[in-house]
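The block underneath contains the structure these notes are about, expressed in structure tokens.
The values are calculated or read from the model by the stated rules, or taken from the named source; none is laboratory data. Small disclaimer: the values here were computed from a predicted structure and weren't measured. Backbone-built Cβ (ideal geometry, glycine too); neighbour counts: all protein chains shown. Each accessible area value is taken on the protein alone, full model and side chains, heavy atoms only, with ligands, DNA and RNA left out. Shrake-Rupley method; radii C 1.70, N 1.55, O 1.52, S 1.80 Å.
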Amino acid sequence: MEINLKNIAFDLDFHPSNQLVAAGLITGNLFVYRYAEDSEPQRVLKVRAHKESCRAVRFINEGRVILTGSPDCSILATDTETGSAVARLENSHEKAVNRVVNLTETTIASGGDEGCIKVWDTRQQSCCNSFQVHEEYITDMTFEPDSMKLLGTSGDGTLSVNNLRSNKVQTQSEFSEDEPLSIVIMKNGRKVICGTESGTMLLYSWGFFKDCSDRFTALSPNPVNALLKLDEERVIAGTENGLISLVGILPNRVIQPIAEHSEYPVERLAFSHDRKYLGSISHDSILKLWDIDSLLQDSGKKVEGKMADDSDDDDMDMDNDNILPKSSKGTKRKNNGGAQGLDTSGDFFADL
């Protein structure tokens, strides 16, 4: 299925239980579509969410509310059914809001272009913690619920591990000139994979985040903008050349191109709630819903990946509680929003 959004989209998310998909557009609009097998998707919601582009989109509260973030520094909560604004926090970050991810039933995290990661408590209706660990914009985040660790990647060339139990930055990787753009946790929490600006995928062993233990270079030189875990040994990668590929990280180390966006950069990937569909958005202004079973059955020719020597520490699960020094700045790919002060007194999560 294809949905012509008529403008570039920066993020998408699927409803956690219904057949709805939301997209945030460069125009600042939020679109929500209802999809079904053997029928054309229907737009059920259009909201002028932000004055500037809509970079981040997430369903929360069992899908009753949609959060959006923007370079205008605001985070908006929109009622999924009516499209009405539930609440808006005007100054959520000092600069553009770049990413929003779900943590628990009552908490979310946002990442801004100033390099700050913030955790928001929907019950207390406020920012409950802030990690000022990075020097450049937050490119991606992922959450490990068992250990309550929030991992973030940044345009400053580093990866951070933030402990939500102790409310402290647990560790930060050394600076890499290969800017990390995307991140997933693999191998039942023992491996972390980062897609980078050069197309190289960096592999970290859990607890040893100072430097990567391996590099997977077969996607080079195309930047890996999006990563989505299919299972504990395979990820789906969206790259700058428009390809969507199935990548066997451990142990197969092969690539299978499975879909494409006509050479336009793939921006984001997401699974539907039942994992029947893979959603992808690109600079071609098309939101595509791919049948996952068909993609896996009709995957293209395998391409052997090149991997450096593997120092796999699968049997180790150590935590390093030392905070490493901050690194030098990497190359920044996104423009900053206007700098504004944080105001946590706003009634942001009221009535959620």
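If I go through the stretch 271-310 residue by residue, how many of them are part of a loop (DSSP other than H, G, I, E, B) and either open to solvent by 60 Å² or more (accessible area, probe 1.4 Å) or modelled with pLDDT of 70 or more (or both)?
Selection size over the stretch 271-310: 14.
Being surrounded by fewer than 19 Cβ atoms within 10 Å (Cβ to Cβ) and small (G, A, S) narrows it down to one residue among G157, G199, G189; which is it?
G189
Can you name every residue in the stretch 39-58 that is of a type in the set (S, T, N, Q) and open to solvent by 100 Å² or more (accessible area, probe 1.4 Å)?
Q42, the sole residue that qualifies.
Report the residue count in the stretch 219-231 for those that are part of a loop (DSSP other than H, G, I, E, B) and either touching a His at 6+ places or on another chain (Cβ under 8 Å) or open to solvent by 60 Å² or more (accessible area, probe 1.4 Å) (or both).
Residues in the stretch 219-231 being part of a loop (DSSP other than H, G, I, E, B) and either touching a His at 6+ places or on another chain (Cβ under 8 Å) or open to solvent by 60 Å² or more (accessible area, probe 1.4 Å) (or both): 1 in total.
Can you tell me which residue is surrounded by the most Cβ atoms within 10 Å (Cβ to Cβ) among those in the stretch 12-38 that are at pLDDT below 95 and not aliphatic (A, V, I, L, M)?
E37
Here are some residues: S176, S130. Which one is part of a strand (DSSP E or B) and open to solvent by 10 Å² or more (accessible area, probe 1.4 Å)?
S130
Show the residue pairs meeting these rules: Cβ distance below 7 Å; 6+ apart or different chains; first residue within the stretch 163-179 and more than 19 Å from D214 (Cα to Cα) and of a type in the set (A, V, I, L, M, F, W, C); second residue in a loop (DSSP other than H, G, I, E, B) and open to solvent by 60 Å² or more (accessible area, probe 1.4 Å).
Pairs found: V169/I323.
Just wondering, is there one or more residues in the stretch 139-147 that are part of a loop (DSSP other than H, G, I, E, B) and either surrounded by 19 or more Cβ atoms within 10 Å (Cβ to Cβ) or among the small types (G, A, S) (or both)?
yes
Show me the strands (runs of 3 or more DSSP E) entirely contained within the stretch 1-56 in which 1 or more residues are among the basic types (K, R).
Counting at least 1 such residues, we get 29-36, 39-48.
Applying the selection to the stretch 75-84, what residues are in contact with a strand residue (DSSP E or B) (Cβ under 6 Å, 6 or more places away or on another chain) and either over 14 Å from R58 (Cα atoms) or of a type in the set (S, T, N, Q) (or both)?
Result: T78, T80, G83.
S262 fails exactly one of the following numbered conditions: (1) free of Cβ contacts under 8 Å to residues at least 40 places away in the same chain; (2) farther than 19 Å from D13 by Cα; (3) buried (at least 18 other Cβ atoms within 10 Å of the Cβ). What is the number of that condition?
Tallying (1) free of Cβ contacts under 8 Å to residues at least 40 places away in the same chain; (2) farther than 19 Å from D13 by Cα; (3) buried (at least 18 other Cβ atoms within 10 Å of the Cβ), S262 fails exactly one: (3).
Restricting the first residue to the stretch 60-77 and requiring it to be in a strand (DSSP E or B), which pairs with a second residue that is among the basic types (K, R) meet a Cβ separation below 6 Å and a spacing of at least six or different chains?
L67/R58; G69/R55; L76/R88
Quick one: F216 ticks every box in (1) modelled with pLDDT under 95; (2) open to solvent by 10 Å² or more (accessible area, probe 1.4 Å); (3) closer than 30 Å to Y277 by Cα bar one, so which box is it?
Condition (2) is where F216 drops out.
Mind checking which pairs have a first residue in the stretch 1-25 that is without any contact (Cβ under 8 Å) to a residue 40 or more places away in the chain and a second that is of a type outside the set (K, R) and open to solvent by 50 Å² or more (accessible area, probe 1.4 Å), Cβ under 6 Å, 6 or more apart or different chains?
Between residues of the stretch 1-25 that are without any contact (Cβ under 8 Å) to a residue 40 or more places away in the chain and residues that are of a type outside the set (K, R) and open to solvent by 50 Å² or more (accessible area, probe 1.4 Å), the close pairs are L25/N7.
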